[in-house]
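A quick write-up on the structure given underneath.
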Amino acid sequence: MSTFEYTSRDWFGKASAGLVLGFGLALALSSLFAILAPGSGGGKLQVTMWMASPIWVTILGFCFLFRSGRAAWGWLGLANGIAFGVLAAVQP
Amino acid sequence: MRTDVVRMYKDVHTWVGIISGLALFIGFYAGAITMFETQVQRWASPPVALSPAPAIERTQELIDKTLAARPQAERQFQITISPNAEAPARMMWLERAPGASRRDPAPVFGSTLAADGSVEIVQIVGTEVAQIVDVLHQQVGLPLDHEIAMPIMGIICLLYGIALVSGTIVLLPSLVKDLFAVRVGKNLKRMWLDTHNVLGLFSLPFHIVICLTAVVFAFHDQFYDVQNKIAYGGNLAAKWEEGEHHDPAPRGPVIPADELLRSVQAQAPGFRVDSLRYGKDDEHGLTVSAWGEDPAYGHRAPTAGWVEVDPYTGKFTETDYMPGMQPAGFMPTLTSFFSLHFGSFGGPPVRWAYFFMGLAGAMLFYTGNLLWIESRRKKERKAGAVTQSRSTIVMGALTVGVTLGCVAGISLTIAAAKWLPGRVGDVAAWHSWIYYLTFLAAIGWAFARGAARAGWELLAFAGAMTLLIPITSLLAAAGLPGTGWSYRHTILVDLTALAGAAALFWMARIAYRRVESGPRDSVWGEAKARAVPQA
C-alpha cells in the first residue's frame, strides 16, 4: 500500500465543500446556539449571527486537510446531516 | 508538519493570495486612512458663514426658535456641543423631500442665534470625501452598488481567511529559523519572503480580527435570513422588538437641552458628549440619544458610543451601546468585535496603531504579489526562459498600477476637496471620478511602461499627489485668491500627508536605483535590459 500524499490537485472539490457545506454547518451550529444557549434579547441575536463567520472561515481554511474532494463532501455532508438533524429535534 | 501538507498549502496560499491581494491592498490602505476619517472630514469641510454658536444655556431657545421656523426639522436634528468645521452649527438637520427614503441624500441645514436673538438658518454644504474613502475601504475599491459590492468583498475576505490559515501552516516548519531574520541582500526573493513572514506573523491576530469581522459585515443579511428560517421559525423581526415598549405620548414638560446635557454628564462622568440627537415619530414619540466617547472603553460605532436619554426625566433609558455601562453579557462582547475592527477604543494612540497596522497589512499583500512574481521568474529561469512570461509582466504591471493608483487617487481626491466647492456642481461625483480616473490612468501607465519604470514613476507620482494635500493648505493659508481654506487645528492631516509624500519619494528613489542595477530578467530590471546595446 503506497503512502498517501497531499497535493493541491483536488482543490476545487475540497474548497467547494468548504464553501457550501461550511456555510451550512456554520448556520446550523449557530442556530443550535440560538436555541440551546441561555439568554435572549438583541445582544444574543447578534452574537448568534456573528458566530457563523469564524465557523465558516475555519472550515474553509482547513477543508484542504480532507484527503479528497469526495471525502470533504462526505464528512462535511455527514456533519451537516447530524447538525441539522439535532436542530430539527430541538426546534422549539 | 508533513512536507506534503506544507506543499499543498503553499499552492493554496499562492492562488488565494494572488486573487485577493490587490483588492485587500485597497481595503487596507483606504481603511488606514479611515482611522482619521473625522480629521480628514474636518480638514476638507468648507467654512460656513454663520454667527458663532450661542452659549450652551441658550440651546433650548435655539431649538424652539428653529422649530418654529422649520417645523419639519423636528423629525430628526442634532445638537453639537462644540461646533467645528465638519459640524459647523450648534443645531443641524436634514431636509428630506416628502417620501424620500432615509438613505437618499438630502440637503443639510444649520442654525444659530444672531446677536439680536433672532434665529439664523443656512444650508451647510459639507464634503463627502471622507465618506468616499470609507466606501472604497468597505467595498475594497469596487465602484458598484453596495448590495452587489458587499458579497464580492465577502468572497475576497473568505479567500483572505484561507490565506491566513494556509500562510501560517506554510510558515510553521521554519518558524524559529525565519522569525527574527530579515535577510537583506542579493537574494531579493528571500528578502521579500522574510518581510512578508514578519509582517504576516506579527500582525496575525489583527488580520484574524479584520477577516472575521469583515466576513460578518459582508454577509450579515444572509446569516440573519437563514437563521430566521432555521432557528427562529420566521419570527426574527418580532424577536428584535421583544422587551421594547414605546409610549409616544409626552410625559410632562421636556427638559431643556442644556439641563439634559448636564444630566448625562452627571450620570456618566468619563463620557465626553459630542452631540445630542433628537428624534420624533408617531411610534416612539420624542427620543434623545447622547453620542460621544470615553477612551477608557470600546465603542460600537467607528468613532462613538451612545446612550438613550429620557427627554422628560433626563435619566438613561437604554445603555446597550454606552461605553462602560453596557449590561453584562452579550452586548460588551459584541462591542469588542466592532471596536477591534474600528480601532475605536483607547483614543488616539490606538488609532495611530491601527493606522500603521493597516499600512502594514497593505504591505503584506503588496509583498505577497512581489513574491509571486519573483517565484515565477525563478521557476521560468530554471526552465530555461531568459525573458519574462506574459503572466509575470501582467501581474507586475497590475501590482504596481493598482496599489500606487489607489494611493495616488486617494491623495488627489482628498486634495481636491479644497478646490472643487464653488467650481463644480456635483462635488461628490467629482471626488469619485477623480479617484477612479487616477486609479485607471496609473494602471494604464503601468502596462504601457512596464512594471519596472512605472514602479518608480508611479511612486513619485503618488508622492506628488500626496504632497498636494499640504500644498493646498499652504496656498490657502498664504491667502492666495481662489485657494480654499486652511485650519490651524487640522495641521496634523497636512503633516501626515507630508510625511507620507516623503516616504513615497524615498521609495521612488530606491525603486529607481533598482531599475538601474536589478537582475535583467526581473520585471524590476526591465528598462536596463532594454537599454543594453548590442555588443
**Asked** Got a sec? Charge dipole of the protein assembly as shown, +1 on Cβ for Lys and Arg, -1 for Asp and Glu; which of B:GLN227, A:PHE84, B:ILE152 is way out at the positive end?
**Response** B:ILE152
**Prompt:** Based on Cα positions only, what radius of gyration and what Dmax would you give for the range A:11-90, in angstroms?
**Reply:** 13.5, 42
**Item:** Kirkwood-based Rg to Rh ratio, the range B:249-401, C-alpha trace
**Value:** 1.33
**Request:** Could you compute the FRET efficiency for B:ALA106 and A:LEU19, with r as their C-beta to C-beta distance and R0 at 45 Å, rounded to 0.05?
**Result:** 0.65
**Item:** Cα Rg, Dmax (largest Cα-Cα span) when computed across the range B:452-496, Å
**Value:** 13.3, 41
**Request:** Determine the distance separating the Cα centre of the range B:346-413 from the Cα centre of the range B:69-119; give it in Å without decimals.
**Result:** 44 Å
**Asked** How do B:TYR435, B:TYR512 line up, fewest other C-beta atoms within 10 Å first?
**Response** B:TYR512, B:TYR435
**Request:** Report, ordered by chain and residue number, the aspartates and glutamates lying within cross-link reach of B:LYS315, taken as a straight Cα distance under 20 Å and ignoring same-chain residues fewer than 8 apart.
**Result:** B:GLU57, B:GLU244, B:ASP247, B:ASP258, B:GLU259, B:ASP274, B:GLU293, B:ASP294
**Complete:** Around B:ALA55 (Cβ within 13 Å, Cβ-to-Cβ, excluding B:ALA55; K/R +1, D/E -1) the net charge comes to -1
**Prompt:** So what are the ³J(HN,Hα) numbers for the range B:279-296, from phi and the Karplus equation (6.51, -1.76, 1.60; θ = phi - 60°), rounded to whole Hz, Gly and Pro as x?
**Reply:** x, 8, 8, 5, 6, 9, x, 7, 10, 9, 10, 9, 10, x, 9, 9, x, 6
**Request:** Give me Rg over Rh for the range B:47-124, both radii from the alpha carbons and Rh done the Kirkwood way, two decimal places.
**Result:** 0.96
**Asked** Once the Cα atoms of helix B:390-415 and of chain B are each reduced to a long axis, what angle between those two axes, in degrees from 0 to 90 to the nearest 10, is obtained?
**Response** 30 degrees
**Prompt:** Using the 10 angstrom Cβ neighbour count as an exposure proxy, how do B:MET325, B:MET91 rank, fewest first?
**Reply:** B:MET325, B:MET91
**Message:** I need the phi-derived Karplus couplings for the range A:72-82: 6.51 cos²θ - 1.76 cosθ + 1.60, θ = phi - 60°, integer Hz, Gly and Pro marked x.
**Reply:** 4, 4, x, 5, 5, x, 4, 4, 4, x, 5
**Prompt:** Once the principal axes of the Cα atoms of chain B are found, what is the range along each, listed largest first in whole angstroms?
**Reply:** 92, 63, 41
**Asked** For the cross-link pairs A:LYS14/B:LYS379; B:LYS177/B:LYS379; B:LYS229/B:LYS280; B:LYS177/B:LYS382, which exceed 29 Å when the distance is taken from alpha carbon to alpha carbon?
**Response** B:LYS229/B:LYS280
**Item:** Computed magnitude of the charge dipole of the range B:47-124 (debye, nearest 20; Cβ of K, R +1, Cβ of D, E -1)
**Value:** 280 debye
**Asked** Taking one equal scatterer on every alpha-carbon of the protein assembly as shown, how large is log10 of I(q)/I(0) by Debye at q = 0.05, 0.12 1/Å?
**Response** -0.28, -1.36
**Prompt:** When Cβ neighbours within 10 Å are restricted to other protein chains, what is their mean count per residue of peptide B:233-246?
**Reply:** 2
**Item:** Relative exposure of B:PHE356, A:PHE62, judged by other C-beta atoms within 10 Å (fewest first)
**Value:** B:PHE356, A:PHE62
**Request:** May I ask for the net charge around A:SER68, where only other residues with Cβ less than 11 Å from the Cβ of A:SER68 are counted and Lys, Arg are +1 while Asp, Glu are -1?
**Result:** +3
**Message:** Let me see the P(r) profile for the range B:64-200: every Cα-Cα distance counted, bins of 5 Å, each bin given as a percent of all pairs.
**Reply:** 2, 8, 11, 11, 10, 9, 9, 7, 7, 6, 7, 6, 4, 3, 1, 0
**Fill in**
Expressed in Å to one decimal, the Kirkwood Rh of the range B:386-535 from all distinct alpha-carbon pairs is 16.7 Å
**Request:** Just add up the charged neighbours of B:PRO295: K/R +1, D/E -1, any other residue whose Cβ is under 14 Å from the Cβ of B:PRO295.
**Result:** -1
**Request:** Taking amide H positions as placed in the peptide plane 1.01 Å from N, state which residues far from B:GLY346 in sequence (5 or more) or on other chains have amide H under 5 Å from it.
**Result:** B:TYR297
**Within the range B:209-356: Cβ-based charge dipole about Cα centre, in debye rounded to nearest 20 (Lys, Arg +1; Asp, Glu -1)** = 480 debye
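The numbers here are math on the coordinates, done by the rules we state, and not lab data. In this text, all values refer to a predicted model and were calculated from it rather than measured experimentally. Cβ coordinates were reconstructed from backbone atoms using ideal geometry, including for glycine residues, and neighbour counts include every protein chain displayed.
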